[in-house]
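Since the structure comes first, as structure tokens, the remarks are kept for the end.
The values are calculated or read from the model by the stated rules, or taken from the named source; none is laboratory data. Predicted model only: the values in this text are computed from it and were never measured. Glycine gets a Cβ as well: all are built from the backbone with ideal geometry, and neighbour counts include every protein chain shown. What goes into the accessible areas is simple: the full protein's heavy atoms, side chains included, and nothing from ligands, DNA or RNA. Shrake-Rupley method; radii C 1.70, N 1.55, O 1.52, S 1.80 Å.
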Amino acid sequence: GESVGLHLPTLSVQEGDNSIINCAYSNSASDYFIWYKQESGKGPQFIIDIRSNMDKRQGQRVTVLLNKTVKHLSLQIAATQPGDSAVYFCAENMMNSGGGADGLTFGKGTHLIIQP
Amino acid sequence: DTGVSQNPRHKITKRGQNVTFRCDPISEHNRLYWYRQTLGQGPEFLTYFQNEAQLEKSRLLSDRFSAERPKGSFSTLEIQRTEQGDSAMYLCASRGTGEKLFFGSGTQLSVL
């Protein structure tokens, strides 16, 4: 079946540098995308989301970019800090007829390692 | 703590035993979700409830898995006759009227 995947299992960056985590999705009907951060022993923590009618959305130190032409999603983290070390997952869903998102499909995750 | 609460945090059981996990969602969140996560993988959707109604259960892994949310508040996930392959993190999430899913810290199941 169609699913969301990530390009790299591990990404290592220097503290203070910007990092970019990529994700490719294959379901062209997906219209809602989310990035989650998961630290060891904890559940996924919401970072930022974007709907398919947008191509960019910014949060605090994070930016999500959506390229529907090539079905690509990316998460940019500015000025990475030690606390950013975690596994990052992208997830996708189709908005249901009620306007909500259900049954998210997650990719495998990218482990972001921040080097001092 | 007003987040999603899951109990127990860890469960060790012998193969063939039944286990039950509990999830208390964020207060007033009417949607509740169960996911399973194995090492190195992303969470895998299992089932979800809107209030007390289980609206999707076709993705439960087998008929040994069942979930309930009798009063539309807390939910339980039961696995009968556990197998070693059931060892995983079981995550619960809830959502209100918005689109964000809020996850609990999960229950780590180890089947010996």
Quiz prompt | Residue list for the stretch B:69-84, filter: open to solvent by 20 Å² or more (accessible area, probe 1.4 Å) and at pLDDT 95 or above | solution = B:PHE74, B:THR76, B:GLU78, B:GLN80, B:ARG81, B:GLU83, B:GLN84
Practice problem: Give the residue that is nearest to B:SER27 (Cα to Cα), with candidates limited to residues of the stretch B:42-60 that are among the hydroxyl-bearing types (Ser, Thr, Tyr) and either within 7 Å of chain A (Cβ to nearest Cβ) or within 11 Å of the chain's Cα centre (by Cα) (or both). | Solution: B:TYR48
Exercise. From (1) loosely packed, with under 15 Cβ neighbours inside 10 Å; (2) within 26 Å of B:VAL4 (Cα to Cα); (3) not small (Gly, Ala, Ser), pick out the condition that doesn't hold for A:THR69.
Key: (2)
Quiz prompt | Cβ pairs under 7 Å, 6+ apart, first in the stretch B:78-99 and within 9 Å of chain A (Cβ to nearest Cβ), second open to solvent by less than 10 Å² (accessible area, probe 1.4 Å) and hydrophobic (A, V, I, L, M, F, W, C) | solution = B:CYS92/B:CYS23; B:CYS92/B:LEU32; B:CYS92/B:TRP34; B:ALA93/B:LEU101; B:ARG95/B:LEU101; B:GLU99/A:ALA101
Quiz item: Just wondering, is there one or more residues in the stretch B:103-111 that are open to solvent by 50 Å² or more (accessible area, probe 1.4 Å) and more than 14 Å from chain A (Cβ to nearest Cβ)?
Solution: no
Practice problem: Output yes when any residue across the stretch A:19-27 is in contact (Cβ under 8 Å) with a residue 24 or more places away in the chain, not basic (Lys, Arg) and not in a strand (DSSP E or B), and no when none is. | Solution: yes
Quiz item: Across the stretch A:72-89, what is the number of residues that are open to solvent by less than 10 Å² (accessible area, probe 1.4 Å) and over 15 Å from A:GLY109 (Cα atoms)?
Solution: 2
Self-check item: Residue under evaluation B:SER66, criteria (1) more than 9 Å from chain A (Cβ to nearest Cβ); (2) open to solvent by less than 80 Å² (accessible area, probe 1.4 Å); (3) touching a residue at least 24 places away in the same chain (Cβ under 8 Å), criterion not met
Solution: (3)
Quiz item: Among the residues of the stretch A:61-83, is there at least one that is modelled with pLDDT under 95 and at the interface with another protein chain (Cβ under 9 Å from one of its Cβ atoms)?
Solution: no
Quiz item: Under 7 Å by Cβ, and 6 or more places apart or on different chains, what pairs join a residue from the stretch B:42-53 that is touching a residue at least 40 places away in the same chain (Cβ under 8 Å) and among the aromatic types (Phe, Trp, Tyr) with one that is open to solvent by less than 10 Å² (accessible area, probe 1.4 Å) and assigned to a strand (DSSP E or B)?
Solution: none
Exercise. Report whether or not B:TYR48 is outside any loop (DSSP other than H, G, I, E, B), open to solvent by less than 60 Å² (accessible area, probe 1.4 Å) and under 14 Å from A:GLY103 (Cα atoms).
Key: yes
Quiz prompt | Conditions (1) among the charged types (D, E, K, R); (2) within 24 Å of A:HIS111 (Cβ to Cβ); (3) surrounded by 21 or more Cβ atoms within 10 Å (Cβ to Cβ): number failed by B:ARG95 | solution = (2)
